[in-house]
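For reference, the structure discussed in these notes is given below.
Since every read-out is calculated from the coordinates, none of them should be taken as a lab result. On a predicted model such as this, the values are computed, not experimentally measured, just so you know. With ideal geometry, Cβ positions are generated from the backbone for all residues, glycine too; neighbour counts draw on all protein chains shown.
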Amino acid sequence: MERFTPVRHLLSLNDVTDEELYAIVDRSHAYARGMVPMNRPLADRVVATYFRTTSTRTRTAFSVAALRLGARLVAYGPGDLQENTGEEAGDTGRILGLMLDALVARTSASAAELRALASWDTMSVVNAMTEDEHPTQAVTDLSAMLTAFGRLGGLRVLYVGEGNNTAAALSLALPRYHGTELHVRTPPGYGLPQSALHRGSEYASSHQALIEERHDMEDLPDDVDVVYTTRWQTTGTVKHDPDWMTAFTPFRVDEALMKRYPSATFMHDLPAHRGQEVDADVLDGERSIAFQQAAHKLYGAMGVLEWCLAGLPQASRTATR
Ligand SMILES: NC(=O)OP(=O)(O)O
């Protein structure tokens, strides 16, 4: 089977360079605008999805993206592979890599399993979400922001809610765009992974950007372009404190918070729980782009798969910085 070398994986945004991130986001945005000729760049390639936990958006997006790009699709559900009977992830990846070109996997909380699946470097492996990071969600989000605002450089985002995998991915992506601000407000004990905050700060300092986190709703920024929140019960994770909801209650997005930022757009990675992390009036209101954002899951998946399997042109400088 013909292979592109080196095999490109998207396991963590930390593994991709700024230029690679810009190219993926730029391509996703171009797909969103219908600016890419549909010449089936992945014709004759075989892409598999392997989801052991629930997914509506990511699984569908990657399945449809593979088909739209001309690839053939194999789909594994939670009980299908011999990993369930004890076969090691490394052996599983070795076998799958003999037959597949790419595996899009949401398997377990840990990134270690994905790294083992990818370790033979014979097929691309895409992280469709682990406990620590949701890299393709950040691609989706940046593509949606670029479409909504026409730029990413200088955007100011207020993220409210758990410092979960979506927040971690955003922290590893947005500060790589010049002059951006990411203000993160998370409940005490449910903050960003320290590694994401640390790395995000490093990216910020080299791009004249800002990332800051607080565990209260005091000293909010004067103005922002985007207010972003996520579900409180992240898929595949468990909160051990039975009283966790008390800690989360101040970190809701309601009309009062949106009124503070009269020109801000509301974003949510979905699934949403109206009345919990966000009021229905906000999620379904005129300033919400949450459901347009979900459409970018498909464009993001197309950008990611094309980058992995065929490579991408450099991003246009004006579009992405
Ligand atoms: N946002 C997101 O990852 O949605 P799914 O869990 O439905 O894939």
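Computed from backbone phi, the HN-Hα couplings of region 213-222 come to 10, 10, 10, 8, 10, 8, 6, 5, x, 4 Hz, rounded to whole numbers (Karplus: 6.51 cos²θ - 1.76 cosθ + 1.60, θ = phi - 60°; Gly and Pro given as x).
Measuring nothing but how far apart in sequence close Cα pairs (under 8 Å, 6+ apart) lie, relative to its length, the chain scores a relative contact order of 24 percent. Amide H to amide H distances under 5 Å link S288 with F266, where only residues 5 or more positions off or on other chains count and H is placed in the peptide plane. Distance between the pseudo-spin-label points of T85 and D219 (7 Å out from Cα toward the beta carbon): 5.8 nm. Could you give the angle, 0 to 90 degrees to the nearest 10, between helix 57-68's Cα long axis and the longest principal axis of the Cα atoms of the chain? The helix 57-68 is inclined about 40 degrees to the chain. For the chain, the Kirkwood estimate of the hydrodynamic radius, built from every pair of different alpha carbons, is 19.8 Å.
Taking amide H atoms as placed 1.01 Å from N in the peptide plane, the amide H of Y159 lies under 5 Å from those of H183, V184, R185, Y228, each 5 or more residues away in sequence or on another chain. One decimal place: the segment D284-D44 gains 82.3 nm when fully extended, by the rule 0.36 nm per residue minus the C-alpha distance. Approximating the spin labels as points 7 Å out from Cα along Cα→Cβ, the T249-to-S110 distance works out to 3.7 nm. A compact globular protein would have a Cα radius of gyration near 2.2 N^0.38 Å; the ratio found for region 61-146 is 1.14. List the residues of region 206-232 whose backbone N lies under 18 Å from a point placed 7 Å from the Cα of F149 along the Cα-to-Cβ direction. Counting only backbone N, you get 206-213, 220-230. Normalising the average separation of contacting C-alpha pairs (under 8 angstrom, six or more residues apart) by the number of residues puts the relative contact order of region 135-294 at 23 percent. If the chain linking K239 and D121 were pulled fully straight, counting 0.36 nm for each residue of separation and taking away their Cα-Cα distance, it would gain 39.0 nm.
Taking the centroid of alpha carbons for each part, region 190-207 and region 97-134 are 23 Å apart.
A cut-off of 5 Å between modelled amide H atoms, ignoring neighbours fewer than 5 places along the same chain, links L10 with V125, V126, N127. Report, in degrees rounded to the nearest 10, the 0 to 90 angle that the Cα long axis of helix 18-32 makes with the longest principal axis of the chain. Between helix and principal axis, roughly 90 degrees. 3J(HN,Hα) along region 294-300, derived from phi through the Karplus expression 6.51 cos²θ - 1.76 cosθ + 1.60 where θ = phi - 60°, amounts to 4, 5, 6, 4, 5, 5, x Hz, with x in place of Gly and Pro. In the chain, taking the dipole from charged Cβ atoms about the Cα centre, the farthest positive-side position among G93, N39, G311 is held by N39. Against the chain, whose longest principal axis comes from its Cα atoms, helix 194-206 is set at around 80 degrees.
Which residues does the label zone of T53 cover in region 172-197, counting backbone N under 17 Å from a point 7 Å along Cα→Cβ? Hits in region 172-197 for T53 at 17 Å: 190-193. Under a model in which nothing but the beta-carbon of Lys, Arg (+1) and Asp, Glu (-1) is charged, the chain shows a dipole of about 1060 debye around its Cα centre.
Evaluating 6.51 cos²θ - 1.76 cosθ + 1.60 at θ = phi - 60° for every residue in region 161-178, the Karplus couplings come out as x, 5, x, 8, 5, 5, 5, 4, 5, 4, 5, 8, 10, 4, x, 8, 10, 4 Hz, glycine and proline recorded as x. Basic side chains Lys and Arg get +1 at the Cβ, acidic Asp and Glu get -1 at the Cβ, and with that the dipole of region 135-294 about its Cα centre reaches some 420 debye.
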